[in-house]
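Data block below; observations after.
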Amino acid sequence: MAGWPVNKPEIYYKAAMEKASEIMDGSQYGLEKDFADLWTQKNKLTSREFIFTFYGSVADGGASGSHMGLAVRYWGNGEGGWSDYFSETRFYDAFPDGPRKEATFTTVFADGTTFIEAQTQPHIAKYRDAGDRVGHSDEGFRTLLRYADVLLIYAEAANYSNSGPTAQALDALNRVHTRAGLEAYPAGMTQLQFDKAVIEERAWEFACEGDRWHDLVRREMVVEANIGLYPNVKETARLLPKPGTQIIPGILDQN
């Protein structure tokens, strides 16, 4: 609500900062030391980083199963998946090198073929370890909120609320950034520089976790982020499409 469409940063950034701080001051949640450990079946029920997560089960014939393990695998080259989750190569190329990148993408498929050789895109590695499978159902999991998000919410909100990054905001950002194997951001960043760093960090940290689009929308960055690939993109692209059956040309047009 600090961003579009409510646009009340003076109220809601402060509220977000205070709520995030409340969670950070507690002992229930924390960061996993190794980013790759977030995505393993053996840790899914014990990770201190997960705050709100959906867990699949193959009990009862997979009635409450997940499809994440199939969704993120390529359909060919021994993978046998659905190719629902994959990355644009331009995003993969821009992604900072390090253990976080290695744990985020699948670049070599089951038969040893690279995504380049297969003439496709990098697929997502985060959800590959999906446990047992019954039919199309598996024990995969899908996290909606984890502690790293709380840290970056705090960093963004504190930077705005205090007219620049505090030591606590810088520490919150760097805890996520350095875990990824990257060099810590220095003190002395301007408010604008710090804000840009936080939004970029969210793009890398939460790749294919469902956050990036909402960040682009609330920060009114949809055009900025896409104009290089889609020259005709307009601000209305941030709106959800109207149902096709409801369109009346000239009266109710598509967004």
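Points worth noting:
- Computed about the Cα centre, the dipole magnitude for the chain is approximately 380 debye when only Lys and Arg (+1) and Asp and Glu (-1) carry charge, each at its Cβ.
- Cβ-placed point charges (K, R +1; D, E -1), dipole of the range 1-152 about Cα centre in debye, nearest 20: 280
- Of G135, G30, G228, the one that fluctuates the most in a GNM where the chain has Cα springs shorter than 10 Å: G228
- Compactness check for the range 55-143: Cα Rg over 2.2 N^0.38 Å is 1.12.
- Most fluctuating residue given options A148, A157, A36, as computed from a GNM of the chain linking Cα atoms under 10 Å: A36
- Here the gap between L145 and Q246, fully extended at 0.36 nm per residue and compared with their Cα-Cα distance, gives a gain of 32.9 nm.
- Under 5 Å from the amide H of S137 lies no amide H of any residue 5 or more positions distant or on a separate chain, with H modelled from the backbone and absent for Pro and chain starts.
- Shape analysis of the chain based on the Cα gyration tensor places the equivalent ellipsoid semi-axes at 31, 26, 20 Å, largest first.
- Using θ = phi - 60° and Karplus 6.51 cos²θ - 1.76 cosθ + 1.60, couplings along the range 43-51 (whole Hz; Gly, Pro as x): 9, 5, 9, 10, 5, 6, 7, 7, 9
- The chain: relative contact order in percent, alpha carbon pairs under 8 Å with at least 6 residues between: 20
- Under a Gaussian network description of the chain, with springs only between Cα atoms under 10 Å, the residue in V134, V176, V198 that fluctuates furthest is V134.
- Toward the positive end of the charge dipole of the chain, with +1 on the Cβ of Lys and Arg and -1 on the Cβ of Asp and Glu, the farthest Cα among M17, N7, N77 is that of N7.
- Positive-end ranking of T143, S47, F35 along the dipole of the chain, with charges on Cβ about the Cα centre, is headed by T143.
- Residues of type lysines that K44 reaches as a straight line, Cα spacing below 26 Å, ignoring anything fewer than 8 places off in the same chain: K19, K33, K101, K126
- Computed extension length for W4-V108: 33.5 nm, one decimal, from 0.36 nm per residue of separation with the Cα-Cα distance subtracted.
- Taking Cα centre as origin and charging only the Cβ of basic (Lys, Arg, +1) and acidic (Asp, Glu, -1) residues, the dipole magnitude of the range 55-143 rounds to 200 debye.
- Of the trypsin sites (Lys or Arg not before Pro) in the range 1-83, the ones in a loop by DSSP (not H, G, I, E or B) with at most 12 other beta carbons within 10 Å are K33.
- The range 58-99 residues near the modelled Q119 label - backbone nitrogen below 20 Å, point 7 Å along Cα→Cβ: 74-84, 86-90
Taken together, the values in this text are just the output of simple stated rules run on the coordinates, not laboratory data. Quantities reported herein were computed from a predicted structural model and do not represent experimental measurements. FYI the Cβ positions are ideal-geometry reconstructions off the backbone, even for glycines, and counts take in every protein chain you see.
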